[in-house]
Amino acid sequence: MRTLLGASGLLLAVLVAPGGPAPGPAGASAVRHTLSIEVHRSAGPPVLLQFLVAAPTPEDALTVARRTAAELVPGGYIAEGGVTAQWAAWGWKWANDEIPVPVAYNPTGAPSSVGPQAVIAGLQAWSSVPDSRFAFRYGGITDNVASILDSGPDGENVVSWAPMECNPGCVLGVTSKEASHEVDMLLNNNPAAATQAGINGTLDWRTVILHELGHVAGLEHSCPVPFGPCTEPELAAVMHYQYRGIQRRLEPDDIAGIVALYPLAEPPAPPPGPSPAPPADVAVVLEPGWNFLVLPAAGLEAIASTLSCLSAAYAFEVGEWRSWIRGASPALQSLSAIQGGSAYWLFASATCAASFTSAP
């Protein structure tokens with residue numbers, strides 16, 4: 001992992017599908033191209049956009065990058081000589097008092113196969129590296145969108161969706177960093193993104209989100225862009241610049257990168273006497289149908305009053321199934337309380353989410 005730091009303003013990193021046959025004009029084969037474009041805007045600092053584009057020719061890749069830059073930064077103009085194949089690195093990393101970094105999700109326009117759990121799984125992966133102090137915190141559902149669409153930061157780190165044209169190439173995801181320490185992720189909900197840019201006609205959005213969250217944390221791509229040379233660990237990394245199919249767990253190079261940026265700090269000496277641990281926020285997200293989740297310790301009625309979509313809960317306890325069903329008579333409810341740390345089967349009628357305060 002060659003982690004680079006040292007520029008300011010707004011920076012974007014875009015994941016691309018590998019070259020090879022891809023549906024497009026006249027059945028052309030897509031080749032990977034890397035472009036960085038400096039865009040000036042009337043308000044705020046200049047914007048540096050990095051694009052990795054699957055397109056048949058360098059000219060097509062430049063067309064896609066210029067067009068998408070104009071869509072993302074309305075009214076901006078491209079600086080003379082501002083199109084290069086060089087990558088300018090991130091300008092900063094998260095300070096200790098900004099960790100855990102909150103990230104909210106706006107599901108508007110998301111494909112039906114992508115729910116909040118795809119974002120939460122990525123947040124948890126980057127937050128669970130034993131030798132790193134870095135962590136995310138799920139901020140719940142938001143109405144805000146990636147601030148690049150609003151030409152400025154709004155104070156919230158957001159993952160949201162927007163259509164981006166896929167002809168003659170296709171962008172999958174864009175991660176933007178503002179100098180004011182706000183980071184947003186914009187994902188492409190153009191249906192062609194899941195076919196033209198996918199592997200065998202499909203695209204795993206959890207893989208894309210996991211990669212882009214690495215940029216949110218502060219990591220660059222795992223080896224030099226445009227095309228190497230790359231070591232074997234760098235080729236295997238989630239943070240490799242090329243999308244190669246399903247990849248939902250961090251590899252050793254990714255772990256080495258996040259540890260290098262945020263090594264585990266020496267813990268301070270404990271104060272004299274017992275010091276109770278502060279309560280922790282636990283995010284619970286339910287998607288339509290069956291969910292198998294660990295819940296915070298609480299009464300089921302209290303949890304159900306917050307999670308409006310929860311219809312039923314089941315657990316196998318003391319050799320038999322116990323259940324809670326919304327609206328059933330209390331005499332029929334054999335499951336009344338949740339034991340912290342235990343997993344439960346939960347049936348949801350729709351998508352809903354809530355945060356609970358639970359003692360660690």
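Would you mind stating whether Ala312 is at pLDDT 85 or above and in a strand (DSSP E or B)? Talk me through it step by step, then tell me what you get.
Numbers: at pLDDT 85 or above: yes; in a strand (DSSP E or B): yes.
Here the answer is yes, as Ala312 does meet what is asked.
Taking the stated definitions as given, is Ala121 assigned to a strand (DSSP E or B) and of a type in the set (Gly, Ala, Ser)?
Judged against the criteria, Ala121 is not a match.
Identify the single condition in (1) free of Cβ contacts under 8 Å to residues at least 24 places away in the same chain; (2) over 19 Å from Val183 (Cα atoms) that Gly109 does not satisfy, given that it satisfies every other one.
Tallying (1) free of Cβ contacts under 8 Å to residues at least 24 places away in the same chain; (2) over 19 Å from Val183 (Cα atoms), Gly109 fails exactly one: (1).
When you scan segment 249-261, do you find a residue that is within 18 Å of Phe136 (Cβ to Cβ), over 18 Å from the mean Cα position of the chain (by Cα) and modelled with pLDDT under 85, even just one?
no
Could you check Arg322 against (1) modelled with pLDDT of 85 or more; (2) surrounded by 16 or more Cβ atoms within 10 Å (Cβ to Cβ) and say which number it fails?
So the condition that Arg322 fails would be (2).
Would you be able to tell me the number of residues in segment 297-319 that are within 30 Å of the chain's Cα centre (by Cα), surrounded by 12 or more Cβ atoms within 10 Å (Cβ to Cβ) and not hydrophobic (A, V, I, L, M, F, W, C)?
Looking only at that region, the number is 3.
In segment 139-186, what count of residues is obtained for those that are surrounded by fewer than 17 Cβ atoms within 10 Å (Cβ to Cβ), part of a loop (DSSP other than H, G, I, E, B) and of a type in the set (A, V, I, L, M, F, W, C)?
Total meeting the criteria: 1.
What do you reckon, is Ala304 in contact with a Leu (Cβ under 8 Å, 6 or more places away or on another chain) and assigned to a strand (DSSP E or B)? Before you say what the answer is, go through the steps one by one.
On the way: in contact with a Leu (Cβ under 8 Å, 6 or more places away or on another chain): yes; assigned to a strand (DSSP E or B): no.
So Ala304 fails the test.
May I ask you to list the residues in segment 262-291 that are over 19 Å from Ala121 (Cα atoms), modelled with pLDDT of 75 or more and surrounded by fewer than 19 Cβ atoms within 10 Å (Cβ to Cβ)?
Result: Pro263, Leu264.
Has segment 141-157 got any residue that is polar (S, T, N, Q) and more than 30 Å from Pro288 (Cα to Cα)?
Yes, segment 141-157 contains a residue that is polar (S, T, N, Q) and more than 30 Å from Pro288 (Cα to Cα).
Hey, could you check segment 338-354 for residues that are loosely packed, with under 15 Cβ neighbours inside 10 Å and touching an Asp or Glu at 6+ places or on another chain (Cβ under 9 Å) and say which is nearest to Phe316 (Cα to Cα)? Reasoning before the result, please.
Here is the first cut: in segment 338-354, the ones loosely packed, with under 15 Cβ neighbours inside 10 Å are 339-343, 349-350.
If we keep only those that are touching an Asp or Glu at 6+ places or on another chain (Cβ under 9 Å) too, we end up with 339, 342, 350.
Working: Gln339: 12, Ser342: 10, Ala350: 24 Å.
Checking each candidate, the answer is Ser342.
The values are calculated or read from the model by the stated rules, or taken from the named source; none is laboratory data. These numbers come from a predicted model, not from an experiment. Here the Cβ is made from the backbone with ideal geometry for all residues, glycine too, and neighbour counts use every protein chain on show.
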